[in-house]
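Engineer: My questions all concern the structure below.
The values are calculated or read from the model by the stated rules, or taken from the named source; none is laboratory data. Here the structure is a predicted model, which is why all the values come from computation and not from measurement. Backbone-built Cβ (ideal geometry, glycine too); neighbour counts: all protein chains shown.
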Number of protein chains: 2
Amino acid sequence: MKVRILVSFKNSVLDPQGQTVKNALHTLGYGFIKDVRQGKVFEIDLKEIPRSEVEKVVPEFADKVLANPIIEKFSWQIIEE
Amino acid sequence: MKVRILVSFKNSVLDPQGQTVKNALHTLGYGFIKDVRQGKVFEIDLKEIPRSEVEKVVPEFADKVLANPIIEKFSWQIIEE
């Protein structure tokens, strides 16, 4: 089973990387870009474990290891059964 | 309109960050994790432009600015009309 976890800054947190990318895109002529937020993505391959277990442990380790819950939020989904 | 672009290493490219995350998760007892690949995600807010234009320019600037096509691949989708 494969899961995808997206980690990004909370909306209230400044994102200087995203800002830099936005400025670079503007300089290159892509002026229609209003905002860029950059984050991390983790694609994780799991051994066969029950789906209920996946739904328990993925948010657990995402919160503990992948995201810093003070400034970041995460979302996740199963991308391959 | 909002688009999400996922950038990750090509499968043939080593991903030391993902490896480190995998090892950390194993150490914490999540032994059922087979593999971790880490990448970047960009969530981009666009001014109102025609959808056909979006489909032309997003892959263009993703390839030019966001991903290094020698070692990285990207995928993208519209997440908000």
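Engineer: Restricting to segment A:48-81, name every residue that is free of Cβ contacts under 8 Å to residues at least 12 places away in the same chain and under 18 Å from B:Val21 (Cβ atoms).
Structural biologist: Across segment A:48-81, the qualifying residues are A:Val57, A:Glu60, A:Phe61, A:Asp63, A:Lys64, A:Val65, A:Asn68, A:Pro69.
Engineer: Another one. Quick check: anything in segment A:28-45 under 24 Å from B:Lys22 (Cβ atoms) and among the acidic types (Asp, Glu)? Spell out the reasoning first.
Structural biologist: Initially, segment A:28-45 is screened for residues under 24 Å from B:Lys22 (Cβ atoms), giving A:38-45.
Checking the rest, the ones that are also among the acidic types (Asp, Glu) come to A:43, A:45.
Yes, segment A:28-45 has at least one match.
Engineer: Criterion first (touching a strand residue (DSSP E or B) at 6+ places or on another chain (Cβ under 6 Å), at the interface with chain A (Cβ under 7 Å from one of its Cβ atoms) and among the aromatic types (Phe, Trp, Tyr)) does B:Phe74 satisfy it?
Structural biologist: Numbers: touching a strand residue (DSSP E or B) at 6+ places or on another chain (Cβ under 6 Å): yes; at the interface with chain A (Cβ under 7 Å from one of its Cβ atoms): no; among the aromatic types (Phe, Trp, Tyr): yes.
When the stated conditions are applied, B:Phe74 does not pass them.
Engineer: In this structure, is B:Lys2 over 18 Å from the mean Cα position of the chain (by Cα), farther than 30 Å from A:Glu53 by Cα and surrounded by fewer than 18 Cβ atoms within 10 Å (Cβ to Cβ)?
Structural biologist: On the way: over 18 Å from the mean Cα position of the chain (by Cα): no; farther than 30 Å from A:Glu53 by Cα: yes; surrounded by fewer than 18 Cβ atoms within 10 Å (Cβ to Cβ): yes.
Answer is no for this residue.
Engineer: Of all residues in segment A:5-34, count the ones that are small (Gly, Ala, Ser) and surrounded by fewer than 18 Cβ atoms within 10 Å (Cβ to Cβ). Please lay out each step first, then the result.
Structural biologist: Pass one, segment A:5-34, residues small (Gly, Ala, Ser): A:8, A:12, A:18, A:24, A:29, A:31.
Now narrow it down to the ones that are surrounded by fewer than 18 Cβ atoms within 10 Å (Cβ to Cβ): A:12, A:24, A:29, A:31.
The qualifying residues number 4.
To keep it simple, each residue is scored yes or no on (1) at pLDDT below 95; (2) under 23 Å from A:Val57 (Cα atoms); (3) not small (Gly, Ala, Ser).
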| site | (1), (2), (3) |
| --- | --- |
| B:Lys2 | no, no, yes |
| B:Ile5 | no, no, yes |
| B:Asp35 | no, yes, yes |
| B:Glu80 | yes, no, yes |
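Engineer: Turning to a different aspect of this structure: What single numbered condition from (1) within 17 Å of A:Val41 (Cα to Cα); (2) part of a helix (DSSP H, G or I) fails to hold for B:Val65?
Structural biologist: (1)
Engineer: If you take the residues of segment B:7-33 that are in contact (Cβ under 8 Å) with a residue 60 or more places away in the chain and more than 10 Å from every other protein chain (Cβ to nearest Cβ), which of them is nearest to A:Glu60 (Cα to Cα)? Give the steps one after another, and end with the answer.
Structural biologist: Here is the first cut: in segment B:7-33, the ones in contact (Cβ under 8 Å) with a residue 60 or more places away in the chain are B:7-10.
Filter once more, keeping what is more than 10 Å from every other protein chain (Cβ to nearest Cβ): B:9-10.
Details: B:Phe9: 26, B:Lys10: 28 Å.
Only one residue fits best here, namely B:Phe9.
Engineer: Would you tally the residues in segment B:34-52 being closer than 13 Å to B:Val3 by Cα and either outside any helix (DSSP H, G or I) or at the interface with another protein chain (Cβ under 10 Å from one of its Cβ atoms) (or both)? Before the answer, list the steps.
Structural biologist: Initially, segment B:34-52 is screened for residues closer than 13 Å to B:Val3 by Cα, giving B:41-49, B:51.
With the extra rule that they be either outside any helix (DSSP H, G or I) or at the interface with another protein chain (Cβ under 10 Å from one of its Cβ atoms) (or both), the set shrinks to B:41-49.
Residues flagged as closer than 13 Å to B:Val3 by Cα and either outside any helix (DSSP H, G or I) or at the interface with another protein chain (Cβ under 10 Å from one of its Cβ atoms) (or both) within segment B:34-52 amount to 9.
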